1. Long-range amide H contacts for Leu32: which residues qualify at under 5 Å (H placed 1.01 Å from N, peptide plane, sequence gap of 5 or more or a different chain)?
2. What is the sum of charges around Pro112, taking Lys and Arg as +1, Asp and Glu as -1, for the other residues whose C-beta is under 15 Å from the C-beta of Pro112?
3. Output the relative contact order of the chain, whole-number percent, from Cα pairs under 8 angstrom with separation of 6+ residues.
4. What 222 nm value per residue comes from the helices of the chain, counting each DSSP H run with n ≥ 4 as -39,500 (n - 2.57) and dividing by all residues, nearest 500 deg cm²/dmol?
5. Connecting C-alpha atoms closer than 10 Å in a GNM of the chain, tell me which of Val62, Val138, Val96 has the biggest fluctuation.
6. With contacts defined as alpha carbon pairs under 8 Å and 6 or more residues apart, what's the relative contact order of the range 1-78 in percent?
7. Which residue, Asp129, Asp11, Asp227, tops the fluctuation ranking in a GNM of the chain built on C-alpha contacts under 10 Å?
8. Report the local net charge at Leu6: Lys and Arg +1, Asp and Glu -1, summed over other residues whose C-beta lies under 12 Å from its C-beta.
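We did not get these values from a lab; they are worked out from the coordinates using the rules stated. Model, not experiment: these values are computed from the prediction. Virtual Cβ from ideal backbone geometry, glycine too; neighbours counted across all protein chains shown.
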Amino acid sequence: MAGRKLLTGADGSFLRVADLPADSPWVPLGTLDGRPVWAVDAPVTESLPGRWHSWPSLAALVPEPYATLAGRALAVVTWRRTHRWCGACRAELADVPGEMARRCPGCELYVPMQLSAAVLVAITRPGPDGGPDELLLVRHAYGPTGLWALVAGFVEAGETLEAAVHREVREEVGLTVAQVAYFGSQPWAMSGPGTLLTGFTARAAGPPAEPVVDGTELTEARWFPLDRLPAELPPAYSISRWLIDAARPAGGADAPGISVEKGPFLHRRR
Ligand SMILES: [Zn+2]
């Protein structure tokens, strides 16, 4: 890795330890199929042979479990780079052997790698005149602005995941929801050193209401019939897309709540 970029061989395969200089700063990531896996925080991108990718482009390219492994590398290396000093006494933190954590040699402050939890919610309502259900999609004022996405946001301190769903829906589109149900989760390497996305389904509650956006965070929010969704949807490797696909009429066996405990990748559809 260099910055937020990930290096693969020219054919897209992951590098072996022997492919890199022996004095590389190795960071243990765990094991894959019983074999130890390491990441390297490389200083420059030019000095190493191969192809550099952003995590989204790599995740779209390689099969599981490699996309998740690349996301873990990005999260761990970014966390180490941004947690070098003790926040209490400014001493340099030291690794805790065998743990994804650092400790201050000066004041003993323990600094585990922490995750930020975020919620996404697929909100549906009955379609007009007995037609197909409708799904609420939104467009953001920043990032990929052309994409139709789900209402989402970070969980706040002292808040349950479900409370975060209700709050984000109220704040972002001014609606109330019911039947909030857990769908599944996905570690997400796009935002911050460690983000865990949790997906929910919900039904619009109360009398038919139209979403209202503030224009700063969201530019648009609209109901779409589930059989006529827009083409500009989140990528196939994202839990946003799994939620949307599971809500479609053809979702069938992939309906929310089914097979999630076997891993979110069962929801991937091509
Ligand atoms: Zn300290």
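1. Correct list: Val37.
2. Around Pro112, the charge tally is 0.
3. It rounds to 16 percent for the chain.
4. Calculated mean residue ellipticity at 222 nm is -5000 deg cm²/dmol.
5. Result for the chain, Cα springs under 10 Å: Val96 fluctuates most.
6. It rounds to 39 percent for the range 1-78.
7. Checking each option, the largest mean-square fluctuation is seen for Asp129.
8. Counting the neighbours of Leu6, the net charge comes to +3.
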